[in-house]
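Notes for the one structure printed next.
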Amino acid sequence: MAESISLFLLLLGAVFMLLAAIGLVRMPDVLMRLHSSTKSATLGVGLIMLGVALFFNDFAIGVRALAIVVFMFFTAPVAAHMIGRAAYLSGVPLWEGTLSDEMRGHYDPKTHALAGEAQSPDSLSSGEPE
Amino acid sequence: MTYFMLNIALALAWAALTGNFNPANLIAGFALGYGALFVIRRALEPSDYFVKVWQVIGFVFFFLWELLLANLRVAHDVLTLRNYMKPRVIALPLDARTDAEITALAYFISLTPGTLSLDISTDRNTMFIHAMYAPDADALRREIKQGVERRLLRLMRGTRSERG
């Protein structure tokens, strides 16, 4: 019983990772590739580690599997955020189907200041926010 | 925080007395310790620890559920030939103020598939988010503010008074 549950979890995790890989190929721009790859892969690793922990049913292995999952969950979103931010700020074009971009014009590449919503982007050039 | 430490101590005591440090037994000890603290709560200084524990558990399950839903949606989109993506970059006005609150919010937004936090404005009032499925920008803003941000802030703000 435990073995079949564990097999099911391993399979499900592998499927999510496969989806992440397909998404990496199929998605139209950097940001959406990040969506599909980093997070599905995180969930995939989580499910596989859960399956491993169930299969061995051993305290030492369970703790290590848990540690792997925790570190994956802590690091993956940070990496995704940094890659996405770098891509956006360095001017990688968004997919043409993108409906709106409320960040456009808010960033000043000279001062690295990013205007909030309340201010108009023009107030940046006067060096107001700090 | 001191209540949490007390509860941990009670869980360890339970594990030591029953001679079994299995995770399951530790969790059972934690639950029993929680019950014991709850019974004598009037003798201790007042604290919102008893509510907090349930809020943390609720948040974890809320979040795992969101994670699964969003993953299934992305999976569906990847597998079908038609694209259902309605991507946008939206500006989210923040209620989160401190570094810890903003970091936690950005983390949870990035962890959920379908939304990715891009950057925070220099005046820390606005977070820019890339969303994969946002046919309606205002609906998404509302969803994030009412869902993750509200729950997260409720969780983080209450505990500050009892820290230290």
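Quick one: longest stretch of chain B between exposed loop trypsin sites (Lys or Arg not before Pro), exposed meaning at most 16 other C-beta atoms within 10 Å and loop per DSSP? Walk me through the numbers before you get to the answer.
Details: sites that count: B:ARG82, B:ARG97, B:ARG124, B:ARG163.
Here the longest segment lacking exposed loop sites spans B:1-81.
Stick to Cα atoms and the Kirkwood definition of Rh, then tell me Rg/Rh for the protein assembly as shown. Display every interim value, and only then the final one.
Numbers: Rg = 22.0 Å, Rh = 21.4 Å.
With Rg and the Kirkwood Rh in hand, the quotient comes to 1.03.
Per residue of A:69-78, how many C-beta atoms from partner chains lie within 10 Å of its own C-beta, taken as a mean?
The mean count of partner-chain Cβ atoms within 10 Å per residue comes to 2.
Once you average over the residues of A:13-21, how many Cβ atoms of partner chains fall within 10 Å of each Cβ? Working shown, then result.
Details: counts 0, 0, 1, 4, 0, 2, 8, 5, 1.
That works out to 2 on average.
Counting residues in chain B as N, plug N into 2.2 N^0.38 Å and put the Cα Rg over that result. Provide the component values of the computation, followed by the final result.
On the way: Rg = 20.2 Å, N = 164, 2.2 N^0.38 = 15.3 Å.
Expressed relative to 2.2 N^0.38 Å, the Cα Rg reads 1.32.
Is there a simple number for the mean count of other chain Cβ atoms within 10 Å of the Cβ of residues in B:62-68, and what is it? List each step's numbers first, then the result.
Numbers: counts 0, 0, 2, 0, 0, 5, 1.
Counting other chains' Cβ atoms within 10 Å and averaging over B:62-68 gives 1.
Through the Karplus equation 6.51 cos²θ - 1.76 cosθ + 1.60, θ set to phi - 60°, convert the phi angles of region B:45-50 into ³J(HN,Hα) values in whole Hz; use x for Gly and Pro.
Using θ = phi - 60°, the values come out as 5, x, 7, 9, 4, 5 Hz.
Among residues other than B:GLY114 whose Cβ falls under 13 Å from its Cβ, what is the net charge (Lys/Arg +1, Asp/Glu -1)? Can you show the working numbers first?
On the way: positive: A:LYS39, B:ARG73, B:LYS86, B:ARG88; negative: B:GLU66, B:ASP77, B:GLU143.
Net charge in that neighbourhood comes out at +1.
Find me the longest stretch of chain A that has none of the exposed trypsin sites (Lys or Arg not before Pro), where exposed means in a DSSP loop (not H, G, I, E or B) with at most 12 other Cβ atoms within 10 Å.
Values: sites that count: A:ARG104, A:LYS110.
In short, A:1-103.
With springs only between Cα atoms under 10 Å, which of A:THR75, A:THR38, A:THR98 fluctuates most in a Gaussian network model of chain A?
A:THR98
With springs connecting C-alpha atoms under 10 Å apart, model chain A as a Gaussian network and identify which of A:LEU99, A:LEU66, A:LEU11 has the largest mean-square fluctuation.
A:LEU99
Bear in mind these aren't lab numbers, they're just calculated from the coordinates by the rules spelled out. Predicted, not measured: the structure shown is a model, and the values here were computed from it. As a convention, Cβ positions derive from the backbone with ideal geometry for all residues, glycine included, and neighbour counts pool all protein chains shown.
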